[in-house]
Amino acid sequence: MNVRLGYACISETVNITTSSSYTYTNYCKEKDEKKLDRIIRSNFLSLYELLKYNEKNNIHFYRMSSNLVPLATKKEVILDYITPYQEEYQKIKEQIIKTKIRIDFHPNEYCVLNSIKKEVVNQSIEILKYHYRILEALGIKEKILVLHIGSLSGGKKAAITRFCNSFHQLEKKIQKAIAIENDDKVFTIDDCIEISNRLNIPIVLDYHHHLCNKGTLTEEEFLPQVIATWKGKIPKMHFSSPKNRKPSEIRSHHDYIDPDAFIHFLETIKSYTKKVDIMIEAKKKDEAMFRLIRQLKYKTNYVFADETTFFIE
DNA sequence: GCCCGTCAAGGAGTA
DNA sequence: TACTCCTTGACGGGC
């Protein structure tokens with residue numbers, strides 16, 4: 001099995017941020033369009049710098065921050081975040097094409113497509129449109145928006161039906177970009193499989209969430225189904241370690257990854273797929289990924305093709 | 001330069 | 001109905 005590791009949004013090594021913000025409260029006070037423009041350009045420039053850093057370190061899998069454009073989804077703010085930034089998009093696009101890095105977005109838990117409130121659903125659709133437009137502007141061919149199912153209101157059956165109904169309200173091209181992820185409290189991998197079967201969309205398995213919130217299917221049962229949802233594309237999965245074994249902290253992410261748990265995870269999945277991209281979700285971001293890699297080199301016979309890519313027999 | 005309160009979002013639980 | 005907590009990184013005032 002070929003494994004590529006990636007990290008999300010922030011580098012602990014490079015001291016820049018792609019998430020500089022301009023809060024709505026401050027914007028209302030100041031109405032400083034130039035400041036907003038400066039922040040957006042700074043975030044795009046930082047994204048370009050991070051992609052250069054990824055290239056230097058042979059990182060082939062990366063999640064962009066959702067906060068690239070502050071206030072982009074605020075109804076009260078009319079903001080064209082595409083046309084004025086063509087130069088920035090082009091520069092980033094060329095870097096993405098050059099390095100063939102696989103990139104995605106993961107809108108946060110406030111994007112609730114199955115909310116019982118119509119205005120929240122509408123706002124969630126706007127949030128997805130914003131992410132999709134950025135992917136389009138960056139010329140990313142394989143557009144992926146990883147989404148949680150959301151609210152449990154009215155019970156699971158009703159919640160899943162609401163998710164499917166809202167999904168069908170999305171433009172077709174955005175529907176094609178949606179992938180769903182199991183969460184750590186409510187929607188299990190079983191639920192994701194049910195939804196995936198109804199909507200024909202891929203599933204991102206989050207193994208930490210699965211350990212917190214198991215369905216009835218065994219790993220042997222769900223793994224081939226989850227991988228099949230990618231229809232030949234390289235499956236994406238998320239891996240993190242619990243901050244603490246205490247029930248109150250088991251859902252929180254640790255600074256680093258438990259290498260033995262990770263090795264166990266790889267051994268579990270290796271007979272089901274030839275390739276996998278795994279996003280390391282640890283508080284120490286890329287630093288945690290590189291520490292894990294050093295530990296894998298020490299503990300295993302995995303054959304490394306480059307800094308973040310290796311092969312398991 | 002560090003510390004800590006605030007911001008921003010929706011859901012869910014409690015009073 | 002109103003509140004508090006959850007989560008997370010950035011921000012910004014105070015010292």
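One table, with the values for the structure above:
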read-out: Single condition A:TYR272 does not satisfy, out of (1) surrounded by 17 or more Cβ atoms within 10 Å (Cβ to Cβ); (2) more than 17 Å from A:LEU223 (Cβ to Cβ); value: (2)
read-out: The range A:97-135 - residue that is among the β-branched types (Val, Ile, Thr) and touching a strand residue (DSSP E or B) at 6+ places or on another chain (Cβ under 9 Å) and, of those, farthest from DNA strand C (Cβ to nearest atom); value: A:ILE101
read-out: Out of A:GLU33, A:GLU76, A:GLU88, sole residue that is more than 11 Å from DNA strand C (Cβ to nearest atom) and either in contact with a Pro (Cβ under 8 Å, 6 or more places away or on another chain) or modelled with pLDDT of 95 or more (or both); value: A:GLU88
read-out: Lone qualifier among A:ILE201, A:ILE193 - being free of Cβ contacts under 8 Å to residues at least 60 places away in the same chain, under 16 Å from the mean Cα position of the chain (by Cα), more than 16 Å from DNA strand C (Cβ to nearest atom) and under 17 Å from A:ALA159 (Cβ atoms); value: A:ILE201
read-out: Qualifying helices (runs of 4 or more DSSP H) (wholly inside the range A:212-313; at least 2 residues being more than 26 Å from A:THR13 (Cα to Cα) and among the β-branched types (Val, Ile, Thr)); value: A:219-228, A:259-269
read-out: Flag for A:SER166 being within 16 Å of DNA strand C (Cβ to nearest atom), within 28 Å of A:VAL69 (Cβ to Cβ) and surrounded by 16 or more Cβ atoms within 10 Å (Cβ to Cβ); value: no
read-out: Count - residues of the range A:108-127 that are hydroxyl-bearing (Ser, Thr, Tyr) and either surrounded by 15 or more Cβ atoms within 10 Å (Cβ to Cβ) or over 17 Å from A:GLU181 (Cα atoms) (or both); value: 2
read-out: Selected residue [under 25 Å from A:ILE101 (Cβ atoms) and either surrounded by fewer than 18 Cβ atoms within 10 Å (Cβ to Cβ) or of a type outside the set (Gly, Ala, Ser) (or both)] from A:LYS246, A:LYS231; value: A:LYS231
read-out: Selection from the range A:158-190 of residues that are of a type in the set (Asp, Glu), assigned to a helix (DSSP H, G or I) and either touching a residue at least 40 places away in the same chain (Cβ under 8 Å) or over 17 Å from A:PHE222 (Cα atoms) (or both); value: none
read-out: Among the residues listed as A:ILE149, A:ILE134, A:ILE103, the single one being within 21 Å of the chain's Cα centre (by Cα), within 25 Å of A:GLU194 (Cα to Cα) and buried (at least 18 other Cβ atoms within 10 Å of the Cβ); value: A:ILE149
read-out: Of all residues making up the range A:12-26, the number that are within 10 Å of DNA strand C (Cβ to nearest atom), hydroxyl-bearing (Ser, Thr, Tyr) and in contact with a helix residue (DSSP H, G or I) (Cβ under 8 Å, 6 or more places away or on another chain); value: 6
read-out: Elements of type helices (runs of 4 or more DSSP H) contained in the range A:17-118, each with 1 or more residues being farther than 30 Å from A:THR161 by Cβ and within 16 Å of DNA strand B (Cβ to nearest atom); value: A:24-30, A:33-56
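Results for (1) closer than 14 Å to A:ALA72 by Cβ; (2) more than 10 Å from DNA strand B (Cβ to nearest atom), shown as yes or no for each residue.
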position	(1), (2)
A:VAL120	no, no
A:TYR130	yes, yes
A:ARG133	yes, yes
A:LYS141	no, yes
A:ARG162	no, no
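The values are calculated or read from the model by the stated rules, or taken from the named source; none is laboratory data. Because the structure is predicted, anything quoted here is derived from the model rather than measured. Quick reminder, even Gly has a Cβ in these numbers, built from the backbone with ideal geometry, and neighbours come from all protein chains shown.
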